[in-house]
């Protein structure tokens, strides 16, 4: 039975974000924020990002101590969509990835129909420490969310989340 907690998993990834790739996990971006509260009140486990002018690279990371399921995918997409809604006011181009992590991964037929970059990792914690295995990587569209600033489909929003994200200092 897995007695590893989600908070422990988050702590280990956050505290070791610059070296976690050595354990089989994604290479993290320069800035990382944990337990990031969205305007809706929902909380993203980890957000990692880099920006350069009007271009942003953003990873939304959802952690589960147990299994990654269709509900996990839906939850992470909700976070991602909310971030895109607000950040599109500030950034012309957003490169993105959704990263899901769990001890087990259920079969998720929904992934075949989703458009976007989704990586799913299984973690293992044993006598050798924490390790990750990439079990699914779905890239059905280019990883760029392009914004037409004058688009009628993306309303102008005064809030820019990236200005509220504090840059982590190592």
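What follows is calculated from the coordinates using simple rules that are stated; it is not laboratory data. This is a predicted model, so every value here is computed, not measured. Positions of Cβ are generated from backbone atoms using ideal geometry, with glycine treated the same way; all protein chains shown enter the neighbour counts.
Annotations for the structure displayed:
- Taking the DSSP bridge list for region 6-147 and keeping only pairs wholly inside it, about 60 percent are antiparallel.
- Cβ-based exposure ranking for 119, 126, in which fewest neighbours within 10 Å come first: 126, 119
- Sites residue 136 and residue 81, calculated FRET efficiency, Cβ-Cβ separation with R0 22 Å, nearest 0.05: 0.60
- Which of 93, 5 has the fewest Cβ neighbours within 10 Å, and the rest in rising order: 5, 93
- Relative contact order (percent, whole number), region 6-147, Cα cutoff 8 Å, 6+ residue spacing: 20
- Global geometry of region 20-66, whether rounded, prolate or oblate, following the gyration tensor of its Cα atoms and the 1.5 cut on a/c: oblate
- Here the alpha carbons of region 6-147 define both size measures, Rg and Dmax, at 14.5, 47 Å.
- Shape class for region 1-89: oblate, because the ratio a/c of the largest to smallest gyration tensor axis (alpha-carbon atoms, square roots of eigenvalues) is 1.5 or more and b/c is at least a/b.
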